[in-house]
Amino acid sequence: MTRSLCLALIAGSVLAGSAGLASAQTGCTHNIGAVLSITGSMAAIGSAIGDAAALAVEHMNAAGGAAGCQINFILRDDQGAPNVGIDAAKTLVEIERVPVLLGAIQSGVSMPILTSVAVPAKVTQISCCSSAPAFTALAREGGTQGYWFRTLPTSLPQGVVMATLGREKGYGRTAIIHVNSDYGVSMARAFKEAFEALGGTVTAVVPYNQEQASYRAEVNAALQGEPDSLFLVAFPADGATALREWIAFGGPTRLLLSNALRADEFVRSVGAEYLADAAGIDNAQIAGPSVDALNAAWAARFGAAPNGPGLHTMYDAAAVALLAMEKAGAADGTAIRDAIREITGGAGTEVFPGPEGFARAKELIAAGQPVRYVGATGPIAFDANGDVTGPLLIWGVAADGSLTVGDYWSNERVAEAVAAVNPG
Amino acid sequence: MSGFASYLVFFLIVASIYGVMVLGLNLQWGYTGLFNAGVVGFYAIGAYGTAILAGPEREALVGGFGLPYPLALLGGMAATGVAALVVGLATLRLRAEYLAIATFGTAIGVQLVAVNFERLTGGVNGLIGLTRPGFAWFGTPGAYNLFFLGVMAVLVAAVFLALEAAVRSPWGRLLKAVREDETAARSLGKNIARLRLQAFVLGSIPIGLAGGLYVGFIGYVSPLDFLPILTFQVWAMLIVGGSGNNAGALLGAVGVWALWTMSGLAISRLVPVAWQSQAGAIQVLLIGLLIVVVLLVRPQGLLGERATVSREAE
Amino acid sequence: MLQALADGFLSGAIIALGAIGLTLTMGILRFANFAHAELITWGAYMALAVLALTGTFAGPWSPLSFGLPLVAAAAAGAAATVVLALAVDRLVYRPLRSRAAGHMTLVFASFGVSLVVRMLVLIAFGGAATYYSHSLQIAVRVAPGLRILPDQMFVLGLTLVLVLGLHLFLSRSRMGLAMRALAEDPELTAIHGIDPARVVGWTWAIGAALAAVAGVLYGLTIQLRPEIGFHLILPLFAAAILGGVGNVWGAVVGGFVVGLAESLSVLFIPPGYKPAVPFLILIAVLALRPTGLFAGTSSAGGHR
């Protein structure tokens, strides 16, 4: 009902020739929904990711809302379980009437939501965190009908860059310990192929299952073959446990760390003194107004730096959804799907995160000018399968335990590295 | 279809899938007194069995036989039955709680195979792109869901009637006699271990069927679908509805699943995000409490065993 | 290989401590208690809570990573775990027993109890992994290819001391003898001159205290998380059944066998399948020798 009211309001204001002022109308809301793991195995990272989406909505509302209305953000818990996740998504779509679903975190939850809820209902789904290659495969087969987007780069470039970095640092024999999930498996595979193509040896590839009490057996297996370094693909809690056992049992502290480990919790659990030689990867622009804008806004809102997996990508997922809704001028899944292509990539005027950035974007859109969203993870461009390619950064850990930002890998540099190991 | 109606159809499909599962469990526990602590494992065998048989052929995968869905469904049920036979044979001649421990282990073993045996199960990525049976005949997803609900209604009725017939037969009365008074039944010269094995295997088949139906409806399967919590949820459905009462089992499936999803909705609306993780854990805690309290206060379940069945057993 | 052996003994010690209580309850109270493993989690977290209240982790006894505060916290945790076990018995199992409910009803109830205890821990302490101390103890290289944490030697030593103490109790004291008689002979329903309710109380107390110690040792050498108990359910059952239900020494040997088998299995199978090892042992024992390794106790298998 609220939606039809909105449409009436919009229609009215268009007739009055004041479409640009529609956002000044109050009293109408558009819902957007997110399905994330607030409980369950991803709970440790889930609620902060929810905060990131809520922050983007807050910013958009401060800038006057989207498509003529204020935005109401509804977060549903999937409990880390697909059956709960699809039910939550179905309620969001059918009862709350959301045109956009954000999430989920795990690919095993995002995938059934996509196939059984989002695509049939023509609702656009944007995930911050699901990295399985299966989505690309499904998109190629036409199974997503273009309704699927994700704001985190696929694992391949990250694995390749880490392998390149390891070889540059002179690591010759690396062991891989990776979480046995779509994320870990694909990242480990990309790293191994690149590392070996660059002349290195991968001494062991050891998967571990999440939430095990101990990873001693896995660590022992990885220590066989006397590696000189370790590539760890993990989430903060399990990653800390595994790494503590690795260090305690004499593993080298020359470490390469995956993006999900860029979290204060991980550093605290392991101890900064063991992480002096660690280099991690993440997708983000090293500096520049778009990143500063988010970091400042986050610090102002939550009193800490946004260090945790999925925060930047989730903010961008929500921002892209909202700007596309503004561009489409309606809370409609298909229109938003198509508008996403118009506000990312391309040659429009750059717009940044934060209330001012969104206000600027709204002005430009109202004036009929093209815009290009440069987000918390840098300039965003989706390919035909809904995957992004983005710049990467290398992070480290300072002696006081704070996370530092090191080398910057631009899109071009990443592409070069990928081409160097994979001439195909 | 309005949004609410469309959601209701969706909800009922999922609830009736659980209903089929609870009916199977009811034969095991309600009528025979066998405690299956690994329901989710047998559900997963049915689901993966169906998905592997019906799925499209893929590189790097053993499965993908592309069988028609009904055949694949039968295959999944057969696989579940065979697994139950193996577990039952190993334990049912021993102390009854060994079956509980072994089924608990089965669920963990199945989960490990699902996660680790990538060539068969797709590993953590799961199996994608499974065709939803008959999807092409329908113009809209809403119409398809209505069709699927119709199919579910027929299947639930079929399973219900078959189980009712079974428990009212002399064989079913014997089951209850064994549950009530093992010594007396044994003195009648009945082979109790074999009787229990039959009931256990027969009860596992609907559980496997439910797994296959879930796969058909969702079009995707991954290890995440089979978390241990599901076992507790299904048990709560049975015990709320009343073990030993097939209609109650169905009612319990719908009721508990409705409570579960609605409390999720209520939490998302009423509880601040910072407290939601606690609220979610409390939701799970309540499932455990529910089981304990019902066992203490109303062991026959909320609806209780129907008098007709008891009378026949006498 | 050497390392895997050493690790196997370590996890075996923890499984053994947990399995003692399980085998006693299975023998004396005659039901498979799915919630027993949660006592391990509970004890570990109660000790953590006491440590948090008393504050410090001060004064480590070098080369060990801990000192008196942890020992005191462990004792307090054990006491809190005994209280929990007795309370659950009073509230849940005793009413069921007195109603003469089928013993499968008790098994089912324990299944529910396990979920409740796990969720209570999760709500109170959160789901993330935590540690008694964030300082990291580095393993000492004792032989080529073998590194051992000093704390691990402590775990092994304490396990031996506790098992010997329990042995003395069970073989010398009147209560202990009564417990053993009840545990090993299911036909026996009461011992002359001993109140059965007191035997039940002692069974819970001993099982819970040992489980709590196992939990603290677990947290000390590995980590704390709410799923500790859940992951130990199968290893504990495998150890208890392998050793013969009701047989304390059997449970200890069973614990070490299961721990070693898990640890050594990684040399032959992918580590991902390791949690299935206790299940395979269990099925093998049930198929080949359902009375367990140390037959002579009649309560384990066979037709009743």
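The values are calculated or read from the model by the stated rules, or taken from the named source; none is laboratory data. Note that the structure is predicted; figures quoted are calculated from it, not measured. Note: ideal-geometry Cβ built from the backbone for every residue, glycine included; neighbour counts use all protein chains shown. When the accessible area is computed, the model is the full protein with side chains, heavy atoms only, and any ligands, DNA or RNA have been set aside. Shrake-Rupley method; radii C 1.70, N 1.55, O 1.52, S 1.80 Å.
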Report summary line: Per-residue ellipticity at 222 nm attributable to helices in chain B (runs of n ≥ 4 DSSP H, -39500 (n - 2.57) apiece, nearest 500 deg cm²/dmol) works out to -24500 deg cm²/dmol
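If one computes P(r) from the Cα atoms of region A:190-332, what percent of pairs lie at distances over 24 Å? Write down the numbers at each step before the final one.
On the way: 4518 of 10153 pairs.
Across region A:190-332, Cα pairs with separations above 24 Å total 44 percent.
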Report task. State whether region B:3-227 is rounded, prolate or oblate according to the following rule on the C-alpha gyration tensor (a ≥ b ≥ c being the square roots of its eigenvalues): a/c under 1.5 gives rounded; otherwise a/b larger than b/c gives prolate, and the remaining case gives oblate. Result -> oblate
Query - Cα-only radius of gyration and Dmax that characterise region A:164-270, units Å - result: 12.5, 36
**Report entry** Per-residue [θ]222 nm for chain A (sum of -39500 (n - 2.57) over DSSP H runs n ≥ 4, rounded to 500)
**Finding:** -13500 deg cm²/dmol
Report task. Determine the distance separating the Cα centre of region C:141-168 from the Cα centre of region A:312-373; give it in Å without decimals. Result -> 62 Å
Report task. Could you state the angle between the C-alpha long axis of helix A:311-328 and the longest principal axis of the C-alpha atoms of chain A, as a value from 0 to 90 degrees rounded to the nearest 10? Result -> 20 degrees
Report task. Quote the total accessible area buried by chains B and C together, excluding ligands, DNA and RNA, probe 1.4 Å, nearest 100 Å². Result -> 4100 Å²
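Size of the dipole of region C:28-229 about the Cα centre, Lys and Arg at +1 and Asp and Glu at -1 on the beta carbon, nothing else charged, in debye to 20?
Rounded to the nearest 20 debye, it is 100 debye.
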Report task. Report the normalised scattering of chain A as log10 I(q)/I(0) at q = 0.11 Å⁻¹, calculated by the Debye formula with identical scatterers on the alpha carbons. Result -> -0.78
Report summary line: Across C:211, C:19, C:72, the residue with the highest GNM fluctuation in chain C (Cα network, 10 Å cutoff) is C:72
Report summary line: FRET efficiency for residue C:62 and residue A:398 from the Cβ-Cβ distance with R0 = 51 Å, rounded to 0.05, comes out at 0.95
Report summary line: Accessible-area loss of at least 50 Å² (1.4 Å probe, chain alone to full protein assembly) applies in region C:64-102 to C:99
Query raised in the report: Check residue B:221: other-chain or 5+ apart residues with amide H under 5 Å from its amide H, H built from backbone geometry?
Result: B:127
Query raised in the report: Of A:283, B:270, B:48, which is farthest on the positive side of the dipole of the protein assembly as shown, counting Cα position, with +1 on Lys and Arg Cβ, -1 on Asp and Glu Cβ, and the Cα centre as origin?
Result: B:48
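With a sphere of radius 10 Å drawn around the Cβ of residue A:350, what net charge do the other residues whose Cβ falls strictly inside it have (Lys, Arg +1; Asp, Glu -1)? Mind dumping the intermediate values first?
On the way: positive: A:360, A:372; negative: none.
Result for the neighbourhood of residue A:350: +2.
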Query - Equivalent ellipsoid semi-axes - Cα gyration tensor, region A:335-383, angstrom - result: 15, 14, 9
**Report entry** Mean projected area (nm²) of the alpha-carbon convex hull when the protein assembly as shown is viewed from all directions
**Finding:** 40.4 nm²
Requested in this report: With label points built 7 Å along Cα→Cβ from the Cα atoms of residue A:137 and residue A:334, find their separation and express it in nm.
Outcome: 3.0 nm
Query raised in the report: Between residue C:293 and residue B:262, what is the spin-label point distance in nm, taking each point 7 Å from the Cα along the Cα→C-beta axis?
Result: 5.4 nm
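Take the solvent-accessible surface of the protein heavy atoms, probe 1.4 Å, and return the percent of it on chain B that carbon and sulfur atoms account for. Could you put the intermediate results ahead of the total?
Working: 8090 of 11310 Å².
C and S atoms contribute 71 percent here.
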Query raised in the report: Counting only residues 5 or more places away or on other chains, whose amide H sits under 5 Å from the amide H of residue A:31 once H atoms are built in the peptide plane?
Result: A:72
**Report entry** Label point distance in nm, residue C:86-residue A:341, each placed 7 Å from Cα along Cα→Cβ
**Finding:** 7.2 nm
Report summary line: Heavy-atom accessible area of chain C with neighbours in place, 1.4 angstrom probe: carbon+sulfur share in percent works out to 71 percent
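Quick one: with all protein chains in place, what share of the accessible area of region A:282-368 is carbon or sulfur, to the nearest percent (1.4 Å probe)?
Values: 1570 of 3040 Å².
Exposed carbon and sulfur together represent 52 percent of the surface.
Roughly how big is region B:1-158's charge dipole about its Cα centre, with Cβ charges of +1 (Lys, Arg) and -1 (Asp, Glu), in debye to the nearest 20?
Working: 5 positive and 4 negative charges, 36 e Å.
Magnitude of the dipole: close to 180 debye.
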Query raised in the report: Going by a ≥ b ≥ c, the root eigenvalues of the Cα gyration tensor, does region C:28-229 fall in the rounded group (a/c under 1.5), the prolate group (a/b larger than b/c) or the oblate group?
Result: prolate
Query - chain C - accessible surface per residue (Å², probe 1.4 Å) - result: 36 Å²
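Express in nm, to one decimal, how much length is gained between residue B:147 and residue B:120 on full extension, taking 0.36 nm for each residue of separation and deducting their alpha carbon distance.
Values: separation 27, 0.36 × 27 = 9.72 nm, distance 3.08 nm.
Contour length minus the Cα-Cα distance gives 6.6 nm.
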Query raised in the report: Which residues' amide hydrogens lie under 5 Å from the amide hydrogen of residue A:405, considering only partners 5 or more residues apart or on another chain, with H built in the peptide plane?
Result: A:396
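Give me the summed buried accessible area for the C-A pair, 1.4 Å probe, to the nearest 100 Å².
Working: alone 14230 and 15810 Å², together 27720 Å².
Its buried surface, counting both partners, is about 2300 Å².
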Report task. On a 0 to 90° scale, report how tilted helix C:36-54 is relative to the longest principal axis of chain C, with both axes built from alpha carbons and the result rounded to the nearest 10. Result -> 50 degrees
